[in-house]
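Coordinate-derived values only; no laboratory data. From a predicted model like this one, the values you see are computed outputs, not experimental measurements. Here the Cβ positions follow ideal geometry from the backbone for every residue, glycine too, while neighbour counts run over all protein chains shown.
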């Protein structure tokens, strides 16, 4: 079996409740990862936000390279 390194880009649509558009942007950038909300209850209470929904919009590879001896 061959080993490949695949470069992947993803895009998400996220619904978030926050005090302002700027805070919503920062919250979404910081607290989302791998199609799930990674914030804690404490952080949601402290910064007064809730991430309502995350949808994957783009999931496609943009580069591929075969790696020698399984080394990336």
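Quick notes on this structure:
- Qualifying positions in the range 3-26 - touching a strand residue (DSSP E or B) at 6+ places or on another chain (Cβ under 6 Å) and not in a strand (DSSP E or B): 24
- Filtering the range 31-46 to residues that are within 11 Å of residue 16 (Cβ to Cβ) and assigned to a helix (DSSP H, G or I) leaves 31, 44.
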